[in-house]
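Peer 1: If you scroll down you'll find the structure; I have some questions about it.
Taken together, the values in this text are just the output of simple stated rules run on the coordinates, not laboratory data. Quick caveat: nothing in here was measured; it's all calculated off a predicted structure. Cβ placement follows ideal geometry from the backbone for every residue including glycine, while neighbour counts extend to all protein chains displayed.
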């Protein structure tokens, strides 16, 4: 979906609204928290990982199943699952020789759902 680039409007003056700036500064999270948040959003920035999250929102799945679903190699899926696991977005459990993956918790589903709601507005 191609979107038109809109010019950014800016003020024609140099007035600083100190009360507003100070109020927002007091509420702003620590730099480390904002960095971690940006890293989470980077993980969501890959369409393969989005497809995997979509699939895992529907059902717990193993690497083999996800690979067939997305028409990709197991190696490629394993790599993406490693990234998702390191970001604490998915978890795994072993049953015999099979490792099943699922979303780590309801928060991941909510982030995903909010993104879809925003896109569909």
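Peer 1: I'd like the full set of residues that are within 30 Å of residue 72 (Cα to Cα), surrounded by 10 or more Cβ atoms within 10 Å (Cβ to Cβ) and free of Cβ contacts under 8 Å to residues at least 12 places away in the same chain, limited to segment 26-49. Can you show your working first?
Peer 2: Taking segment 26-49 and keeping what is within 30 Å of residue 72 (Cα to Cα), we get 36-49.
Right, trim to surrounded by 10 or more Cβ atoms within 10 Å (Cβ to Cβ) and you get 36-37, 39-44, 46, 48-49.
Those that are within 30 Å of residue 72 (Cα to Cα), surrounded by 10 or more Cβ atoms within 10 Å (Cβ to Cβ) and free of Cβ contacts under 8 Å to residues at least 12 places away in the same chain: 36, 37, 41, 42.
Peer 1: Collect the residues in segment 45-65 that are in a helix (DSSP H, G or I) and more than 21 Å from residue 116 (Cα to Cα), keeping them in residue-number order.
Peer 2: Narrowing segment 45-65 to residues in a helix (DSSP H, G or I): 47-58, 63-65.
Listed by number, the residues that qualify are 63, 64, 65.
Peer 1: If you don't mind, another one. Residue 23 versus (1) in a helix (DSSP H, G or I); (2) in contact (Cβ under 8 Å) with a residue 12 or more places away in the chain: which is the lone unmet condition?
Peer 2: The number of the failed condition is (2).
Peer 1: Residue 63: more than 12 Å from the chain's Cα centre (by Cα) and either over 28 Å from residue 35 (Cα atoms) or exposed (fewer than 13 other Cβ atoms within 10 Å of the Cβ) (or both), yes or no? Let's see the steps before the verdict.
Peer 2: On the way: more than 12 Å from the chain's Cα centre (by Cα): yes; either over 28 Å from residue 35 (Cα atoms) or exposed (fewer than 13 other Cβ atoms within 10 Å of the Cβ) (or both): yes.
For residue 63, the condition - more than 12 Å from the chain's Cα centre (by Cα) and either over 28 Å from residue 35 (Cα atoms) or exposed (fewer than 13 other Cβ atoms within 10 Å of the Cβ) (or both) - is met.
Peer 1: Another question, then. Could you list all residues from segment 28-44 that are part of a loop (DSSP other than H, G, I, E, B) and closer than 18 Å to residue 110 by Cβ? Walk me through how you get there before you give the answer.
Peer 2: Initial filter on segment 28-44 (part of a loop (DSSP other than H, G, I, E, B)): 28-30, 44.
Answer for segment 28-44, where residues must be part of a loop (DSSP other than H, G, I, E, B) and closer than 18 Å to residue 110 by Cβ: just 44.
Peer 1: Of all residues in segment 83-121, which are part of a strand (DSSP E or B), without any contact (Cβ under 8 Å) to a residue 40 or more places away in the chain and surrounded by 11 or more Cβ atoms within 10 Å (Cβ to Cβ)? Break it down into steps so the answer makes sense when it comes.
Peer 2: At the first step, the residues of segment 83-121 found to be part of a strand (DSSP E or B) are 90-95, 98-103.
Imposing the further condition that a residue be without any contact (Cβ under 8 Å) to a residue 40 or more places away in the chain reduces the set to 90-95, 98-99.
Within segment 83-121, 90, 91, 92, 98, 99 meet the criteria.
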